[in-house]
Amino acid sequence: MNADGRRKNGPASEQPDDRTLYEAAVKMRERSYAPYSRFRVGAALLAKDGTVWTGCNIENASYGACNCAERTAFFKAVSEGEKQFSAIAIAGGPEGAETLDFCPPCGICRQVMEEFCGQDFRIILGNSAGELKVLTMAELLPYGFGPGDLDK
Ligand SMILES: [Zn+2]
């Protein structure tokens with residue numbers, strides 16, 4: 001990872017596979033700032049050019065200011081000019097837990113994904129048993145409200 005928080009993976013032929021992306025999300029849990037919920041989440045967002053943008057959840061004493069790992073990754077990427085994405089891996093669970101279970105994105109994060117991602121955008125969840133569950137945007141947010149709906 002370079003100084004601005006992104007990991008360059010080179011051309012498309014070298015894009016990380018699902019497990020590699022999930023392991024990046026697991027590693028990002030270490031950066032989680034979650035003193036209130038003690039629920040630590042990491043995310044790894046894959047741009048179509050192969051760049052991996054990582055994020056963690058960042059909580060706040062004013063609870064409404066909390067931000068999820070997925071949105072941290074999206075906002076880092078979009079703020080640097082990236083808007084084309086193919087997948088995101090998410091790893092979350094209670095602080096100190098010995099095992100991780102599948103951790104699906106919350107509704108607000110699904111809405112942020114809807115803004116930038118197509119119906120084939122992939123959401124990769126994992127657990128400590130080594131299983132990966134891969135869902136699409138179409139499965140996670142059917143009939144979502146997106147940019148195109150403003151023109152109707
Ligand atoms: Zn969320």
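A short reminder: the numbers here are calculations on the coordinates, not readings from a lab. From a predicted model like this one, the values you see are computed outputs, not experimental measurements. Cβ atoms come from the backbone with ideal geometry, glycine included; neighbour counts cover every protein chain shown.
Quick notes
- With R₀ set to 30 Å, the beta-carbon distance separating residue 134 from residue 36 gives a calculated FRET efficiency near 0.45.
- Distance between the C-alpha centres of the range 79-152 and the range 32-67: 13 Å, rounded to the whole angstrom.
- Taking the average, over residues, of other Cβ atoms within 10 Å as the packing measure, peptides 142-151, 128-137, 69-78 rank 69-78, 128-137, 142-151 from highest down.
- Calculated FRET value between residue 115 and residue 27, using beta carbons and R₀ = 22 Å, to 0.05: 0.25
- Remark on residue 87: its backbone amide H falls under 5 Å from those of 46, 122, a criterion applied only to residues 5 or more positions apart or on other chains, H modelled at 1.01 Å from N.
- Relative packing of peptides 22-32, 83-93 - highest average C-beta neighbours within 10 Å first: 83-93, 22-32
- Evaluated over the chain, the count of Lys pairs having alpha-carbon atoms less than 27 Å apart is 15 (only pairs 8 or more residues apart or interchain).
- Prolate/oblate/rounded label for the range 97-144 (Cα gyration tensor, a/c 1.5): prolate
- Within the range 48-152, percent of DSSP bridges classed antiparallel, to nearest 5: 60
- When the Cα atoms of the range 6-151 are aligned to their principal axes, the ranges along those axes come out at 43, 36, 28 Å in descending order.
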